[in-house]
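Inspection log for the structure reproduced underneath, given as structure tokens.
The values are calculated or read from the model by the stated rules, or taken from the named source; none is laboratory data. None of the values given here were measured: they were computed from a predicted structure. Every residue, glycine among them, receives a Cβ derived from its backbone with ideal geometry; neighbour counts consider all protein chains shown.
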Amino acid sequence: MDHGIVTFLTDYGIAPTDLGRAVEERGFGSLLLTEHTHIPVSRRTPYPVGAAEPQPLPRYYSHTFDPFTALAAIAASTSRIGLGTAVSLINQHHPITLAKQVASVDRISAGRFELGVGPGWNAEEMENHGVAPARPIARMLEHLAAMRTIWTEDEPEFHGEFVDFDPIWSWPKPDRRLPVLIAGVGPRVLDRVLSHGDGWLPLPLYPIEVLRERIAELRTRAGRPVGVTLYGADPEKLADYEEAGVDRVLFELDDHEDPAGTLRQLDRLAGFVH
């Protein structure tokens, strides 16, 4: 089982390149970054989603670096670790633009990039991008299909419900099938992984036995060993995750203020895996 790091990389915390080098030096396999283009001042959408008693949204949500810019810088200052998003809110991007951003980071990193995606949860954030919060899953899957077309065809065109463009030229393109991780824990998330993804990116919200069952179901239906990356893993439960079939865990960093504190947390987490 591989071990990676995921974090909200902020403008007041550790610098992107410093974090990338620190993750690589401590032997972790990957570094994935979150994404929020902005946070509306309105708190109409509760946090956490569905909470009976909403809590204040943490400051770091509104201070995140653009993940693709940060990951390009990290790619240039590292050589081994995998890089990616967990997750990119792709409904808030135009797929032509996002396809080029993703392909560019993948080429800069020499094929170390993977795209973790989710539909988003903050209705006001979506609306500020001109995106209706209704039917977010259908939009996400269509955006992914359009991006795959751009990555794999010399003169791609796409005509769908949410995305429509005539033949275009757009390079660079990934040198291989770029891995897409589908985030989610709902009853139909495995359908989305099978139809549009290369791996599953769940949160640790299931009991271990349920996680084991869902992973087995995914791989049985796929007829292949689909990768599973667990976001926000508990370092005390690594043996359970591995037994359930998880391929990679992502430890979430929670010190967003003090660079020295971030390095100490990386040292502590490295002690669980080395």
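Looking at 218, 201, 190, 194, which one is of a type in the set (A, V, I, L, M), under 25 Å from residue 144 (Cα atoms) and touching a Ser or Thr at 6+ places or on another chain (Cβ under 8 Å)?
Numbers: 218 fails: touching a Ser or Thr at 6+ places or on another chain (Cβ under 8 Å); 190 fails: touching a Ser or Thr at 6+ places or on another chain (Cβ under 8 Å); 194 fails: touching a Ser or Thr at 6+ places or on another chain (Cβ under 8 Å).
Checking each option against the conditions leaves just 201.
Consider region 31-64. How many of its residues are touching a Pro at 6+ places or on another chain (Cβ under 8 Å) and farther than 16 Å from residue 93 by Cβ? First the steps, then the outcome.
In the first step, residues of region 31-64 are kept if they are touching a Pro at 6+ places or on another chain (Cβ under 8 Å); the result is 33-35, 43, 46-48, 54-55.
Next, from what is left, pick out any that are farther than 16 Å from residue 93 by Cβ: 43, 46-48, 54-55.
Final tally of qualifying residues: 6.
Of all residues in region 124-140 being in a loop (DSSP other than H, G, I, E, B) and free of Cβ contacts under 8 Å to residues at least 60 places away in the same chain, which is surrounded by the most Cβ atoms within 10 Å (Cβ to Cβ)? Steps first, answer last, please.
Step one: list which residues in region 124-140 are in a loop (DSSP other than H, G, I, E, B), which gives 129-135.
Checking the rest, the ones that are also free of Cβ contacts under 8 Å to residues at least 60 places away in the same chain come to 130-135.
On the way: 130: 7, 131: 19, 132: 12, 133: 17, 134: 9, 135: 13.
It comes out as 131.
So, of the residues in region 72-91 that are in a helix (DSSP H, G or I) and under 14 Å from the mean Cα position of the chain (by Cα), which turns out to be farthest from residue 183 (Cα to Cα)?
Keep residues of region 72-91 that are in a helix (DSSP H, G or I), which gives 72-76, 90-91.
Checking the rest, the ones that are also under 14 Å from the mean Cα position of the chain (by Cα) come to 90-91.
On the way: 90: 12, 91: 14 Å.
Across region 72-91, the extreme among qualifying residues is 91.
Which of the residues belonging to region 196-228 are assigned to a loop (DSSP other than H, G, I, E, B), at pLDDT 95 or above and charged (D, E, K, R)?
Selection gives 198 alone.
In region 14-48, how many are over 18 Å from residue 65 (Cβ atoms) and assigned to a loop (DSSP other than H, G, I, E, B)?
Of the residues in region 14-48, 13 are over 18 Å from residue 65 (Cβ atoms) and assigned to a loop (DSSP other than H, G, I, E, B).
Looking at region 122-132 only, could you name the residues that are in contact with a helix residue (DSSP H, G or I) (Cβ under 9 Å, 6 or more places away or on another chain) and either farther than 11 Å from residue 92 by Cβ or hydroxyl-bearing (Ser, Thr, Tyr) (or both)?
If the condition is that a residue be in contact with a helix residue (DSSP H, G or I) (Cβ under 9 Å, 6 or more places away or on another chain) and either farther than 11 Å from residue 92 by Cβ or hydroxyl-bearing (Ser, Thr, Tyr) (or both), then 132 is the only one that fits.
Every residue in region 141-186 that is over 18 Å from the mean Cα position of the chain (by Cα) and part of a strand (DSSP E or B), please.
158, 159, 164, 165
Within region 220-235, restricting attention to residues that are touching a residue at least 24 places away in the same chain (Cβ under 8 Å) and surrounded by fewer than 16 Cβ atoms within 10 Å (Cβ to Cβ), which residue is nearest to the chain's Cα centre (by Cα)? Walk me through it before giving the result.
Initial filter on region 220-235 (touching a residue at least 24 places away in the same chain (Cβ under 8 Å)): 221-222, 226-235.
Within this subset, residues satisfying the condition of being surrounded by fewer than 16 Cβ atoms within 10 Å (Cβ to Cβ) are 221-222, 232, 234-235.
Values: 221: 23, 222: 21, 232: 12, 234: 18, 235: 20 Å.
Only one residue fits best here, namely 232.
Give the number of residues within region 92-115 that are in a helix (DSSP H, G or I), surrounded by fewer than 20 Cβ atoms within 10 Å (Cβ to Cβ) and in contact (Cβ under 8 Å) with a residue 40 or more places away in the chain.
Of the residues in region 92-115, 4 are in a helix (DSSP H, G or I), surrounded by fewer than 20 Cβ atoms within 10 Å (Cβ to Cβ) and in contact (Cβ under 8 Å) with a residue 40 or more places away in the chain.
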